[in-house]
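A short write-up of the structure that comes next.
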Amino acid sequence: MSKFRWGIFGTGFVAGKFALGLKALGAHEIVAVASRSPEKAKAFAAGLKVAATCGSYADIAALANVDAIYIATPPNVHTSQALMCIAASKAVLVEKPFAMNAAEAEEIRAAAQANGVFCMEAMWTRFNPAVQKLKAMVDAGELGEIRLLNGSFGIQEVPSESNHLFNQAMGGGAVLDRGVYPISLAVYLLGKPDYVSGVLLRANGEVDEQAAITLGWQGKTTAQFSVSLIADLPNNLSISGSKARMELDAPIYRPSRLRVFTSQPLERAPAQPPGNKDHIRESGTLHKLHQHLLPLLTAKAGKTVNALYAGNAYHYQAEEVRQCVQGGKRESAIMPLSESVAIMEIVDRLLAQ
């Protein structure tokens with residue numbers, strides 16, 4: 001069987017992760033690399049130890065021996081590059097965030113559908129085995145009615161002019177870079193929310209460096225997420241349902257385990273005057289013992305579900321692209337274009353606040 005051939009736009013950190021992740025797959029190879037700098041493209045290919053054609057973005061999009069292109073450039077050029085690839089009838093995997101806003105996301109979606117070309121957002125977390133296990137358990141009703149999602153994603157960065165995360169014009173900001181992870185997972189599990197609200201901390205009135213996000217679904221479910229470029233956060237996700245609570249082990253972007261805790265509703269009996277048992281239960285000695293034992297009890301609580309990933313986990317999304325393209329599909333059922341547009345609509349509403 002011939003290998004699935006990739007062209008890569010961009011030579012930055014994420015492009016390197018994706019390219020190295022392909023090593024976990026035998027059916028894929030990198031045949032072309034594009035960068036604003038031909039020297040960087042050649043150095044990138046040499047670092048990967050692959051014989052790849054190196055040229056401009058347009059040159060790579062025009063190559064006949066490329067099956068799909070992975071766009072890992074800054075967000076402000078995602079739309080123009082995706083449209084160029086689609087016009088060249090090249091399947092395209094666009095790194096998150098999919099676009100700068102919902103209008104651009106819709107433009108990409110419409111072009112892909114009109115031209116019959118496969119297109120998908122590179123939200124690699126969705127394809128992680130642990131997230132797929134989580135999705136299956138939620139859909140099967142193992143958690144009962146979902147009532148609350150709570151999570152965070154924050155890694156402290158050093159602000160600099162060279163870091164596009166702190167450049168609004170290039171698609172930086174905590175919501176676009178960090179927030180799309182928990183937002184995407186929430187949409188994947190529950191669909192598009194009805195209510196969107198946020199409190200954003202903007203540096204000098206420009207790029208959002210931190211945000212507190214609240215989403216709501218038909219008055220039944222809420223989600224609360226904290227995201228940051230300037231603070232280290234737990235980087236976790238918890239889903240609470242009527243039957244059980246599930247915790248996705250950190251980091252939220254590449255988990256490997258789930259922990260499930262059975263929920264037991266508390267039924268309060270009518271209050272009674274304190275008795276002998278209450279005197280013992282509320283004594284300082286018993287509480288001191290409880291505090292010493294609590295870490296041990298917590299560590300053993302819940303059921304651990306292992307869902308270990310292979311390689312560096314970037315290859316799962318690449319394999320989804322291959323299977324879809326070779327199967328004649330124009331979209332991924334796991335990361336459909338409609339949801340990429342919906343996520344950008346949520347981002348737009350947050351950034352407008």
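List of remarks:
Per-residue answers, yes or no, for (1) surrounded by 21 or more Cβ atoms within 10 Å (Cβ to Cβ); (2) β-branched (Val, Ile, Thr); (3) closer than 16 Å to ALA352 by Cα:
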{"residue": "ASN167", "(1), (2), (3)": "no, no, no"}
{"residue": "ILE183", "(1), (2), (3)": "yes, yes, no"}
{"residue": "LEU190", "(1), (2), (3)": "no, no, no"}
{"residue": "TYR195", "(1), (2), (3)": "no, no, yes"}
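- Among the helices (runs of 4 or more DSSP H) confined to the range 38-152, the ones with at least 1 residues that are among the basic types (Lys, Arg) are located at 38-48, 102-115, 129-139.
- Set GLU106, GLU29, GLU39, GLU121: member being out of contact with any Asp or Glu (no Cβ under 7 Å at 6 or more places or on another chain), surrounded by fewer than 18 Cβ atoms within 10 Å (Cβ to Cβ), within 30 Å of LEU308 (Cα to Cα) and among the acidic types (Asp, Glu): GLU29
- Residues that are part of a helix (DSSP H, G or I), among the β-branched types (Val, Ile, Thr) and open to solvent by less than 40 Å² (accessible area, probe 1.4 Å) do occur in the range 319-326, at least one of them.
- Residues of the range 287-318 satisfying the condition of being in contact with a helix residue (DSSP H, G or I) (Cβ under 8 Å, 6 or more places away or on another chain) and either more than 23 Å from ILE8 (Cβ to Cβ) or surrounded by fewer than 11 Cβ atoms within 10 Å (Cβ to Cβ) (or both): VAL305, ALA307, LEU308
- Odd one out for ASP278, checked against (1) more than 30 Å from ASN76 (Cβ to Cβ); (2) open to solvent by less than 30 Å² (accessible area, probe 1.4 Å): (2)
- Test: residue in the range 56-69 that is among the hydrophobic types (A, V, I, L, M, F, W, C) and free of Cβ contacts under 8 Å to residues at least 24 places away in the same chain: yes
- Answer from ALA19, ALA45, ALA68, ALA24 - the residue that is surrounded by fewer than 18 Cβ atoms within 10 Å (Cβ to Cβ) and hydrophobic (A, V, I, L, M, F, W, C): ALA24
- Qualifying residue in the range 157-165 (condition: touching a residue at least 12 places away in the same chain (Cβ under 8 Å), surrounded by fewer than 19 Cβ atoms within 10 Å (Cβ to Cβ) and at positive phi): no
- Scanning the range 1-16 for residues that are crowded, with 16+ Cβ neighbours inside 10 Å and of a type in the set (A, V, I, L, M, F, W, C), we see that the one that is farthest from ALA82 (Cα to Cα) is PHE4.
- So VAL199, is it open to solvent by 60 Å² or more (accessible area, probe 1.4 Å), under 23 Å from MET100 (Cβ atoms) and part of a strand (DSSP E or B): yes
- Those residues of the range 145-156 which are over 18 Å from the mean Cα position of the chain (by Cα) and surrounded by 14 or more Cβ atoms within 10 Å (Cβ to Cβ), in sequence order: ILE146, ARG147
- In summary, strands (runs of 3 or more DSSP E) completely within the range 211-251 and bearing 3 or more residues that are under 14 Å from ARG178 (Cα atoms) occur at 221-228.
- Residues that are open to solvent by 20 Å² or more (accessible area, probe 1.4 Å), of a type in the set (S, T, N, Q) and modelled with pLDDT of 95 or more, drawn from the range 327-353: SER338
- The number of residues in the range 76-85 that are closer than 22 Å to GLU345 by Cβ and surrounded by fewer than 24 Cβ atoms within 10 Å (Cβ to Cβ) comes to 6.
The values are calculated or read from the model by the stated rules, or taken from the named source; none is laboratory data. Everything numeric in this text was worked out from a predicted model, so none of it was measured. A quick note on method: Cβ atoms are made from the backbone with ideal geometry, for glycine too, and the neighbour counts reach across all protein chains shown. These accessible areas exclude ligands, DNA and RNA; they are computed on the full protein's heavy atoms, side chains included. Shrake-Rupley method; radii C 1.70, N 1.55, O 1.52, S 1.80 Å.
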